Structure formats: C-alpha cells, structure tokens
Amino acid sequence: EAGVTQFPSHSVIEKGQTVTLRCDPISGHDNLYWYRRVMGKEIKFLLHFVKESKQDESGMPNNRFLAERTGGTYSTLKVQPAELEDSGVYFCASSRQGAYGYTFGSGTRLTVV
Amino acid sequence: GDSVTQMEGPVTLSEEAFLTINCTYTATGYPSLFWYVQYPGEGLQLLLKATKADDKGSNKGFEATYRKETTSFHLEKGSVQVSDSAVYFCALGGFKTIFGAGTRLFVKA
C-alpha cells in the first residue's frame, strides 16, 4: 500500500506570508494526525482527525494555524501569517480506527525567514 | 502530565558495539510504549512497541522491555551497524502520542 505522503518536502517563506502543507494518509485510515518538531526538540502533537472531524486540537499553538480534512481524505495545515518560531518539521501520520502505532510521512521542513 | 525522558545524544559507537538508549516515562494508567526511528532524509518509522508491562518489543535486532516498576523502556541492540545511524525517539500513548526529544546515533565503521 502507498504510504503517507506529505507535500511539499521543503518550504522557505518570509515572515508574514502564508503556507499550506498537505498530507495524504494511507487509504482507509480514518485517523490522521499532525505533529511538529521545532529546533531539534520533542515532537509535539498538534491535532487529530477522525475522518473529517477534529477529535483533538489541543496542541494547536494559536489561531494562526488552521487544519482541515475535507471529505475525510487528505488534510491541509495552513499557517497564516507565518512567524519565525513556526520553523520546524511538520509530520503527518495516519492509522486505522483504533490502531496504535502510526505510519508517518516524511515530513515538511518549514523555514520562516 | 504524561512525559517521556530519553538520554541526550549524540551517541557515537563503533560498528558491532552494544547499544543502549535509556528512556523513562511518567504516565497515568497503562500506556503503550514505542520506539520510532528516523533515518537521514526519511520520515519517522515505527521500530517496535509494547502494549503492557513485561512485554518485549523487538525488530531488526533491537529490543525494549516495558518495565512498569522502573517506568522504563530502554532500547538495546547487541551489535550495531553503520546503517543504524539515525535519530531514535521513545514515545508513549495511543491516539495522542507523547515523544521524547530524540537521541541521535552515529555508528562508525
């Protein structure tokens, strides 16, 4: 089966600009997650979708971040406007309903300059 | 709240050396425990997992035992290879996984 796909793999934007990250989960995986790793620190949870519904968005840092999962398939994570501290690697992961242990994508490395 | 602490890196070993990466956790209840690995230029991969106390997860020569009494889940491998060079993350939980900071391993030929 195809893995979790993230696009783009790298993005460099200026402070104040908008960036949209995309994640295509494994087909049939109801659970989709976003995580990020900032400056070599812990990988932090951002949010969790079950199908198209936000199950838990307690990790979203502020209202500059907006995640969507229309139709319960792919998901987007928009940062608007981007700030310097948003730089890091954003990971997407998916799992079947009730499964433990995710399948991760390769991540999007975001650099805000 | 729940947390994971793992040894700081980087860890540098010669090929065929024994590897231990320490991981301890704080959690309410009985979470599942995981080790993930990130090879250079790739995404995170699940390396092994244990779902209850005294379970041993194993994969690719790596092992870790879920020790409830010491709240630990140390990663071990008897003989590392250059290809094991990567960043290793200890993690706990399920739907909302909590990760440690990662330990970078360098294996020299």
Pick from the range B:15-40 the residues that are touching a residue at least 60 places away in the same chain (Cβ under 8 Å), aromatic (Phe, Trp, Tyr) and buried (at least 18 other Cβ atoms within 10 Å of the Cβ): which of them is nearest to B:Lys108 (Cα to Cα)?
-> B:Tyr36
Residue set A:Ala82, A:Ala2, A:Ala99; condition in contact with a Ser or Thr (Cβ under 9 Å, 6 or more places away or on another chain) and modelled with pLDDT under 95; output residue A:Ala2
For the range A:10-59, the count of residues that are over 14 Å from A:Gly88 (Cβ atoms) and either part of a strand (DSSP E or B) or touching a strand residue (DSSP E or B) at 6+ places or on another chain (Cβ under 6 Å) (or both) equals 21
Do we have any residue at all in the range A:1-9 that's more than 23 Å from A:Arg96 (Cβ to Cβ) and outside any loop (DSSP other than H, G, I, E, B)?
-> no
Those residues of the range B:70-109 which are modelled with pLDDT of 95 or more, in a loop (DSSP other than H, G, I, E, B) and buried (at least 20 other Cβ atoms within 10 Å of the Cβ), in sequence order = B:Phe73, B:Val80
Cross-chain or 6+ apart pairs with Cβ under 8 Å, the range A:1-15 first and without any contact (Cβ under 8 Å) to a residue 60 or more places away in the chain and surrounded by fewer than 11 Cβ atoms within 10 Å (Cβ to Cβ), then among the polar types (S, T, N, Q) and not in a strand (DSSP E or B) = A:Glu1/A:Ser27; A:Ala2/A:Ser27
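The values are calculated or read from the model by the stated rules, or taken from the named source; none is laboratory data. Keep in mind it's a predicted model, so treat the numbers as computed, not measured. Cβ sites come from the backbone with ideal geometry, for glycine too, and all protein chains shown count toward neighbours.
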